[in-house]
1. For LYS252, state whether it is basic (Lys, Arg), farther than 30 Å from GLU147 by Cβ, in a loop (DSSP other than H, G, I, E, B) and modelled with pLDDT of 95 or more.
2. Only one of (1) surrounded by fewer than 18 Cβ atoms within 10 Å (Cβ to Cβ); (2) within 16 Å of VAL131 (Cα to Cα); (3) free of Cβ contacts under 8 Å to residues at least 40 places away in the same chain fails for GLY58. Which number is that?
3. Is it true that some residue in the range 26-44 is assigned to a helix (DSSP H, G or I), more than 25 Å from SER216 (Cα to Cα), among the acidic types (Asp, Glu) and modelled with pLDDT under 95?
4. Exactly one of (1) among the hydrophobic types (A, V, I, L, M, F, W, C); (2) buried (at least 23 other Cβ atoms within 10 Å of the Cβ); (3) touching a residue at least 60 places away in the same chain (Cβ under 8 Å) is unmet by LEU205. Its number?
5. Please go through the range 126-145 and give me each residue that is over 20 Å from LYS228 (Cα atoms), at pLDDT 95 or above and of a type outside the set (Ser, Thr, Tyr), ordered by number.
6. Does the range 194-220 hold any residues that are assigned to a helix (DSSP H, G or I) and more than 23 Å from GLY168 (Cα to Cα), and which are they?
7. Quick one: which residue in GLU71, GLU41 is among the acidic types (Asp, Glu), touching a residue at least 24 places away in the same chain (Cβ under 8 Å) and surrounded by fewer than 18 Cβ atoms within 10 Å (Cβ to Cβ)?
8. Go through the range 231-278 and report how many residues are farther than 25 Å from GLU41 by Cβ, small (Gly, Ala, Ser) and either in contact with a strand residue (DSSP E or B) (Cβ under 9 Å, 6 or more places away or on another chain) or surrounded by 13 or more Cβ atoms within 10 Å (Cβ to Cβ) (or both).
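The values are calculated or read from the model by the stated rules, or taken from the named source; none is laboratory data. Model, not experiment: these values are computed from the prediction. Cβ placement follows ideal geometry from the backbone for every residue including glycine, while neighbour counts extend to all protein chains displayed.
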Amino acid sequence: MPLVTSKEMLEAAHANHFAVGAFNANNMEQIQGIIDAANEEKSPVILQVSQGAINYAGLGYASAMVKIAAEESSVPVALHLDHGPSYEQNVICLRAGFTSLMFDGSKLPYEENIAITSKIVQMANTVGIPVEAELGRVLQSRDSVSEEEVKAAMTDPDQAADFVSRTGISSLAVAIGSVHAMEAAEAELDIERLKAIRAKVDIPLVLHGSSGVKESSEVEAIQYGISKINVATMLNQAFIHALIGAYESDPKNIDPRKWLVKSRDAVKEVVRGKMRLFGSSGTVSSSGFFSAPTSHRSADLGHLE
């Protein structure tokens with residue numbers, strides 16, 4: 001089906017207490033694995049393109065691959081700009097056919113973040129495209145951040161309410177204890193802070209850096225307003241580990257496709273697991289509309305209780 005915006009799927013997730021996975025699309029095999037899992041799980045899915053992917057593949061290649069995947073898919077697919085660094089990049093991606101935008105002004109002074117975000121929202125609203133923004137800072141694991149630094153960077157609930165009111169964004173990425181690029185799922189989210197944000201903000205909330213978060217903490221966060229969860233590092237790990245394994249099992253092979261299919265399948269299984277964890281599996285009916293979420297999540301999490 002044609003690309004859709006992320007607005008409808010996140011509103012459905014928000015109302016029904018599940019989350020939509022937003023998976024980074026870095027190459028063709030990852031995109032295929034993500035879409036295959038979404039089709040089989042009957043789950044909406046967000047394929048997001050980061051600045052790194054744009055630099056690597058080029059905006060045209062990156063967006064075209066996602067559009068083709070969506071056209072051949074039986075479930076709703078959104079093409080999202082992940083961590084857009086500027087107003088100009090958002091304009092370029094809007095013109096390229098992205099159906100969901102993001103501006104990350106979390107490193108900017110508060111008023112400057114509001115000003116640029118508002119300008120992007122005003123632009124995107126003219127063609128019905130939703131905008132995500134970030135408040136607080138989800139730090140990078142490579143910076144060897146301490147627990148105190150992570151806590152200091154968290155989103156302030158009162159500021160979140162002011163930010164949403166003044167910008168008109170469709171969704172808000174919040175900093176509640178996750179860290180980008182963690183290689184192991186060890187972080188516990190600050191659920192009390194999330195509850196305080198939810199009490200003041202009534203739009204879908206977004207979790208970045210989920211690869212480093214304990215699954216039980218992710219599930220709890222979904223019940224308090226997290227409606228979109230970004231997954232990147234975990235996909236890259238699965239891709240690389242499968243590629244290394246394929247090479248080691250057949251080092252004389254000279255056809256890279258025989259190795260890359262293993263990476264594609266590994267990504268697919270990670271995505272499948274996340275869709276079940278997030279509760280989005282089975283939420284797309286045969287007509288393409290959202291239905292009630294399935295019980296996959298509670299069934300799969302018995303080992304976490």
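1. yes
2. (2)
3. Among the residues of the range 26-44, not one is assigned to a helix (DSSP H, G or I), more than 25 Å from SER216 (Cα to Cα), among the acidic types (Asp, Glu) and modelled with pLDDT under 95, which makes the answer no.
4. (3)
5. VAL127
6. SER210, SER211, GLY212, GLU215, SER216, SER217, GLU218, VAL219, GLU220 - these are the residues of the range 194-220 that are assigned to a helix (DSSP H, G or I) and more than 23 Å from GLY168 (Cα to Cα).
7. Within the list GLU71, GLU41, the selection yields GLU71.
8. 0
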